[in-house]
Amino acid sequence: MQTAFSDLTSQLRNAPEARVTGEVRAVLGLSLTVSGLERAVGIGGRCTVHGARGPVLGEVVGIDARGTHLLPFGSWAGVVVGDKVESSPRGDLVRPDAGWIGRVVNALGDPLDGRGPLMEGDAPRMVRAGPPAAFARRRVGARLDTGIKTLDVFVPLCRGQRMGVFAGSGVGKSTLMAMLARGAQADVIVVGLVGERGREVQDFIQEDLGAQGMARSVMIVSTGDEPPLMRRQAAWTATAVAEHFRNQGLQVLLLLDSVTRFAMAQREIGLAAGEPPTAKGYPPTVFAELPQLLERSGPGAEGQGDITGLYTVLVDGDDMNEPVADAVRGVLDGHVVLDRAIAEQGRFPAVNIQKSISRMLPACHSPAEYAVLQAARRSLARHADMEELIRIGAYKVGSDEEVDAAIRFAGPADSFLSQRKGEAMIADESFAEIYRMLSEAGINVALPKSPAPPAPLSAWGRHPPEGLSPPRMGG
């Protein structure tokens, strides 16, 4: 008899339109406790609380002897003990469609741009899904031409790669993301703004992306004033939308700004649910959720496209080893470090070449390109080691031939790598210009010895041409 009753309860709970009601027992901070729903709604389920100011959607984050604990997608203002709570048929689903391209939506997949309702696709997608199986996906693909000189030469990005952009506040993360959105090779760009300042959303759309960038983009926005559930949900929704287009066979560029605000939202949720704080107040679920989110991007299966993921990390106090940055760096396929000292000198993007790395090297460069990269990186590192002595006049020119060559190379290289937001240069031209500067500085590049050196160096010879093609301008 008990087994039959349990089966009936399970069937009723899983019926498409089944709704079970309970009532509010307590509200403390962000957490609301409900009685009567313990056997009807599980962790992650949705409920609607009918308060005096209208219905509020909530999510189940905990269940114990006291009842079911909810956090809001809005505010509990006006909710009192005894208010009706109803299990919600609205699941954790979105229905992306090609009609979403060019639109701005919120974390729940509702339109924000005032352009009417969104088209809904035929196949709903779970917002909180698991990563693809390791053996079900292809390997990372060919190098992408981003148009950003520093990245294309020193920190290359490949199709299906996941790269982190690590920086403190105000060092140029959003500008670098905008440059990638404008110039990178992709069919669809999915931009997730997590906990963004409200005033900067329109700036990003109109100035950074521009009409050309927005025409192939889907934006998922959750501003910093929204509840933690909405901020966390924005990252999941952006990833689910990117997965939809990847499964259509398209090349997708996913830009998520920022993973740190996602982690902060999960910290608020975890602490409100009663989790113990660990490193810098982050509960254990933060470090469990990060790989679940980041591993969802990457190459698709055979016949599918790829998600190339760019994730910004707002490092606390410019500490690149703080807990979230350290956890993210261990999951991703490389990291770009933006340095405040370089930004203060006026070079943008302020990429610290010595601290940035792409795990796709050396395979993503041709042997000749990799030789140029090694020579340039070695020379810049030598100059950085001696920079203090050079600045105070303690180093005398002629003391060391390698240092002298590094000094001759560092100045032109620094000017060349500085790039305005509207500029772009193809990778071949960037390598050619770096090679020319190395040669003029007297630095030998160990090009591979073969009858036909790989492009692009095969066309340069040992003496590069005087004139190079001018940088092409992005949209």
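Annotations
- Some residue of the range 122-137 being closer than 26 Å to Ala341 by Cα and open to solvent by 10 Å² or more (accessible area, probe 1.4 Å): no
- Contact annotation: residue pairs with Cβ atoms under 8 Å, 6 or more positions apart or on different chains, pairing a residue in the range 407-420 that is farther than 19 Å from Asp385 by Cα and polar (S, T, N, Q) with a partner that is open to solvent by less than 60 Å² (accessible area, probe 1.4 Å) and in a helix (DSSP H, G or I), are Gln419/Lys149; Gln419/Thr150; Gln419/Met179.
- Test result for Asp326, at positive phi and in the same structural domain as Gln161 (by the TED database): no
- When Arg329, Arg296 are screened for being of a type in the set (Lys, Arg), within 16 Å of the chain's Cα centre (by Cα), surrounded by fewer than 24 Cβ atoms within 10 Å (Cβ to Cβ) and part of a helix (DSSP H, G or I), only Arg329 passes.
- Selection status of Pro291, under 18 Å from the mean Cα position of the chain (by Cα), surrounded by fewer than 22 Cβ atoms within 10 Å (Cβ to Cβ) and at negative phi: yes
- Listed by first and then second residue, the pairs linking a residue in the range 433-450 that is without any contact (Cβ under 8 Å) to a residue 12 or more places away in the chain to a residue that is surrounded by 19 or more Cβ atoms within 10 Å (Cβ to Cβ), with Cβ atoms under 6 Å apart and 6 or more places separating them unless they lie on different chains, form an empty list.
- Options Gly210, Gly195, Gly168; residue that is assigned by the TED database to the domain that holds Gly303, small (Gly, Ala, Ser) and closer than 23 Å to Val127 by Cα: Gly195
- Residues within the range 249-278 that are part of a helix (DSSP H, G or I) and open to solvent by 50 Å² or more (accessible area, probe 1.4 Å), tallied: 4
- Filter result for the condition that a residue is within 17 Å of Arg125 (Cα to Cα), aromatic (Phe, Trp, Tyr) and touching a residue at least 12 places away in the same chain (Cβ under 8 Å), over Phe287, Phe245: Phe245
- Qualifying residue in the range 306-313 (condition: crowded, with 18+ Cβ neighbours inside 10 Å and over 16 Å from Leu176 (Cα atoms)): yes
- Hits in the range 120-146 - residues which are farther than 12 Å from Glu243 by Cβ and either in a strand (DSSP E or B) or not assigned by the TED database to the domain that holds Ala181 (or both): Arg143
- Screening the range 333-451 for helices (runs of 4 or more DSSP H) wholly inside it with 3 or more residues that are open to solvent by 60 Å² or more (accessible area, probe 1.4 Å) and either at pLDDT 95 or above or outside the structural domain of Leu255 (by the TED database) (or both) returns the ranges 367-391, 401-417.
- Extreme residue, most open to solvent (accessible area, probe 1.4 Å), among residues of the range 102-117 that are hydrophobic (A, V, I, L, M, F, W, C) and more than 22 Å from Asp187 (Cα to Cα): Leu112
- Condition check for Lys173 on (1) over 13 Å from the mean Cα position of the chain (by Cα); (2) closer than 29 Å to Phe348 by Cα; (3) of a type in the set (D, E, K, R): one failure, at (1).
- Scanning the range 77-105 for residues that are under 17 Å from Leu229 (Cα atoms) and either modelled with pLDDT of 95 or more or part of a helix (DSSP H, G or I) (or both) yields a total of 1.
- Total residues in the range 153-175 satisfying the condition of being within 29 Å of Val201 (Cβ to Cβ) and either hydrophobic (A, V, I, L, M, F, W, C) or not in a loop (DSSP other than H, G, I, E, B) (or both): the figure is 12.
- Restricting attention to the range 314-326 and to residues that are part of a loop (DSSP other than H, G, I, E, B) and in contact with a Phe, Trp or Tyr (Cβ under 7 Å, 6 or more places away or on another chain), the residue that is least open to solvent (accessible area, probe 1.4 Å) turns out to be Val315.
- Put simply, of Asp187, Asp152 the only residue that is surrounded by fewer than 17 Cβ atoms within 10 Å (Cβ to Cβ) and over 14 Å from the mean Cα position of the chain (by Cα) is Asp187.
- Search result, residues across the range 31-62 that are open to solvent by less than 70 Å² (accessible area, probe 1.4 Å), touching a residue at least 24 places away in the same chain (Cβ under 8 Å) and of a type in the set (A, V, I, L, M): Leu32, Val34, Leu37, Ala40, Val41, Val49, Leu57, Val61
The values are calculated or read from the model by the stated rules, or taken from the named source; none is laboratory data. All values derive from a computational prediction rather than experimental measurement. So basically every Cβ, Gly included, is an ideal-geometry build from the backbone, and we count neighbours across all protein chains shown. Side chains included, ligands, DNA and RNA excluded: accessible areas come from the protein's heavy atoms. Shrake-Rupley method; radii C 1.70, N 1.55, O 1.52, S 1.80 Å.
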